[in-house]
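The values are calculated or read from the model by the stated rules, or taken from the named source; none is laboratory data. Here the structure is a predicted model, which is why all the values come from computation and not from measurement. Here Cβ is always computed from backbone atoms with ideal geometry, including for glycine, and neighbour counts include all displayed protein chains. The accessibility values were calculated without ligands, DNA or RNA, using every heavy atom of the protein model including side chains. Shrake-Rupley method; radii C 1.70, N 1.55, O 1.52, S 1.80 Å.
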Amino acid sequence: MYSFIYLASQSPRRQELLKQIGVRFEMLAPSPGEDTESIEAPLPHEKARAYVERVTLAKSAAALARWQVRGLVWAPILCADTTVSLPNSGEGEILGKPTSPADAAHILNLLSGKVHEVLTAVAITVNPNEKPLCLVQVSKVQFAKLSEDQIATYIASAEPFGKAGAYGIQGLGGAFIPEIEGSYSGIMGLPLFETAQLLDRAQVTRI
């Protein structure tokens, strides 16, 4: 049994969600100079599900190497990645974090009035000598039709930045979403039901 895990994510939302289900964790953040952005770059013609699985497993490998270099006591390592997708859409297969206000506006215009998917992959490395346990949770999200003024005001709030799909359901962006099908916490970045199942398989105790 393990009394804590390492969280290899700097997302405050994932930290809040783990606390919500009583999981003790220590941060295993990247070292200065680590190239984390290249891991998240999509491959040509890559589908969203394959993308989040690949990125999460790559993050797991990087986190394991980080653990080895730092000489820490062993505990399971949790990694996750979230992406937004308009399936079967040429330019909307993988909608990542916006790189500029113009990019955020482009993404939000793509989502406006449509149903999109939010895919979150979660991986737990239970043993440093074994492959991580990994799963992907998929939710469907209906977006309201947004006006240009709504999009501009939302971008001015700065909330879209650092978030896949250029919005946060737990923040101001929640006002744009009339309906979801799936996991609210998964849309936030860590599906709690599925994560709890992985933690149980890894024999991690929860408060």
Neighbourhood charge, 14 Å Cβ-Cβ cut-off, centred on Ile155 and excluding it, Lys, Arg +1 and Asp, Glu -1: -2
Surface per residue (accessible, 1.4 Å probe) for segment 78-132, Å²: 39
Kirkwood Rh, Cα atoms: Rg over Rh of segment 54-167: 1.10
Potential extension, His106-Ser147 segment - 0.36 nm per residue separation minus Cα distance: 13.5 nm
Solvent-accessible ranking of Arg49, Arg66, Arg201, largest area first, probe 1.4 Å: Arg201, Arg49, Arg66
Inter-centroid distance (Cα atoms) of segment 175-207 relative to segment 1-65, Å: 15
Options Thr82, Val115, Gly71, ranked by Cα towards positive dipole end of segment 66-141, top entry (Cβ charges): Gly71
Computed over the chain, the ratio Rg/Rh where both radii use C-alpha atoms and Rh is Kirkwood: 0.98
Calculated on alpha-carbon atoms, Rg and Dmax of segment 65-125 in Å: 16.9, 50
Stretchable slack from Lys47 to Asp35, in nm (0.36 nm times residue separation minus alpha-carbon distance): 2.0 nm
Percent breakdown of C-alpha pair distances by 10 Å bin, ordered from the shortest bin, for segment 1-111: 12, 37, 33, 15, 3
For Trp67, solvent-accessible area (1.4 Å; no DNA, RNA or ligand), Å²: 40
Quarter of Cα convex hull surface for segment 27-92, i.e. mean projection, nm²: 5.2
Accessible area of the chain belonging to carbon and sulfur atoms, whole % at 1.4 Å probe: 53
In Å², nearest 10: area of Tyr184 left accessible to a 1.4 Å probe: 110
Probe 1.4 Å - accessible area at Glu53, Å² to nearest ten: 70
Links that overshoot a 26 Å alpha carbon limit, given the list Lys19/Lys114; Lys47/Lys131; Lys131/Lys163: Lys19/Lys114; Lys131/Lys163
Highest-MSF residue in the chain out of Pro12, Pro128, Pro98 [GNM, Cα springs under 10 Å]: Pro12
Residue order for Phe143, Phe193 - accessible surface, 1.4 angstrom probe, largest first: Phe193, Phe143
222 nm mean residue ellipticity, helices alone, for the chain (DSSP H n ≥ 4; -39,500 (n - 2.57); rounded to 500): -10000 deg cm²/dmol
Net charge, Leu111 excluded, C-beta distance under 15 Å - Lys, Arg +1, Asp, Glu -1: -2
Gaussian network model of the chain, Cα within-10 Å springs - most flexible of Thr195, Thr56, Thr99: Thr99
For the chain, built as a Gaussian network whose Cα springs stay under 10 Å, the top-fluctuating residue of Ser11, Ser157, Ser112: Ser157
